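Peer 1: Can you read through this structure? Questions will come right after.
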């Protein structure tokens, strides 16, 4: 999943649905939407859900066990920006690789 920032969720959803031909999979109020792009999922997030910094592209990687995956990142020379936690829909951790690139590990709470 690729996580993109937006200041206007409705406008961003319209762009990806109408122009890019993606299907809206899920929307959470005015701060998060997931779109199906076939081989890739796009998440549109406002500042409330942006895990690193606004206007940065962030990669989300689905993990069977977020806690173990975060520990593996650290063991491989990366680090943790935000320790594993639950939000309304998923367990996630914000981590960075051994070169400093940030990404999100996530696992849906209910699949």
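Peer 1: Answer with yes or no whether residue 44 is more than 21 Å from residue 108 (Cα to Cα) and surrounded by 16 or more Cβ atoms within 10 Å (Cβ to Cβ). Break it down into steps so the answer makes sense when it comes.
Peer 2: Working: more than 21 Å from residue 108 (Cα to Cα): no; surrounded by 16 or more Cβ atoms within 10 Å (Cβ to Cβ): yes.
Criteria not met by residue 44.
Peer 1: Can you tell me which residue among 70, 34 is part of a strand (DSSP E or B) and modelled with pLDDT of 90 or more? Even if it seems obvious, please write down each step before you answer.
Peer 2: On the way: 70 fails: part of a strand (DSSP E or B).
Testing whether each residue is part of a strand (DSSP E or B) and modelled with pLDDT of 90 or more leaves just 34.
Peer 1: Return the residues of region 96-111 that are in contact with a helix residue (DSSP H, G or I) (Cβ under 6 Å, 6 or more places away or on another chain) and farther than 17 Å from residue 4 by Cα; say none if nothing qualifies.
Peer 2: The initial filter retains those residues of region 96-111 that are in contact with a helix residue (DSSP H, G or I) (Cβ under 6 Å, 6 or more places away or on another chain), namely 105, 107.
107, the sole residue that qualifies.
Peer 1: Now a separate question. Which residues, counting only those in region 1-25, are surrounded by 13 or more Cβ atoms within 10 Å (Cβ to Cβ) and either without any contact (Cβ under 8 Å) to a residue 12 or more places away in the chain or more than 23 Å from residue 83 (Cα to Cα) (or both)?
Peer 2: 6, 9, 12, 13, 15, 16, 17, 22, 24, 25, listed by residue number.
Peer 1: Can I ask one more? Limited to region 63-82, what total is found for residues that are surrounded by fewer than 15 Cβ atoms within 10 Å (Cβ to Cβ) and touching a strand residue (DSSP E or B) at 6+ places or on another chain (Cβ under 8 Å)?
Peer 2: Residues that pass the stated criteria total 7.
Peer 1: Restricting region 73-94 to residues that are in a strand (DSSP E or B) and in contact (Cβ under 8 Å) with a residue 24 or more places away in the chain, which is farthest from residue 25 (Cα to Cα)? Reasoning before the result, please.
Peer 2: Filtering region 73-94 down to residues in a strand (DSSP E or B) leaves 79-86, 90-94.
After this cut, where a residue has to be in contact (Cβ under 8 Å) with a residue 24 or more places away in the chain as well, the list is 81-82, 91-94.
Working: 81: 28, 82: 26, 91: 19, 92: 19, 93: 22, 94: 23 Å.
Per the criteria, the residue is 81.
Peer 1: Sort through 49, 30 and tell me the only one that's in contact with a helix residue (DSSP H, G or I) (Cβ under 6 Å, 6 or more places away or on another chain) and either in contact (Cβ under 8 Å) with a residue 12 or more places away in the chain or crowded, with 18+ Cβ neighbours inside 10 Å (or both).
Peer 2: 30
Peer 1: Restricting attention to region 95-111, report how many residues are surrounded by fewer than 21 Cβ atoms within 10 Å (Cβ to Cβ) and in a strand (DSSP E or B).
Peer 2: Residues of region 95-111 surrounded by fewer than 21 Cβ atoms within 10 Å (Cβ to Cβ): 96-102, 107-111.
This time we only want the ones that are in a strand (DSSP E or B), so: 96, 102, 107-108.
Residues flagged as surrounded by fewer than 21 Cβ atoms within 10 Å (Cβ to Cβ) and in a strand (DSSP E or B) within region 95-111 amount to 4.
Peer 1: Can you name the condition, by its number, that residue 55 falls short on among (1) in a loop (DSSP other than H, G, I, E, B); (2) within 13 Å of the chain's Cα centre (by Cα)?
Peer 2: (2)
Peer 1: Could you tell me which residue of region 37-47 is modelled with the lowest pLDDT, considering only residues that are more than 15 Å from residue 61 (Cα to Cα) and part of a loop (DSSP other than H, G, I, E, B)?
Peer 2: 47
The values are calculated or read from the model by the stated rules, or taken from the named source; none is laboratory data. Note that the structure is predicted; figures quoted are calculated from it, not measured. Neighbour counts run over all protein chains shown; Cβ positions are idealised from the backbone, glycine included.
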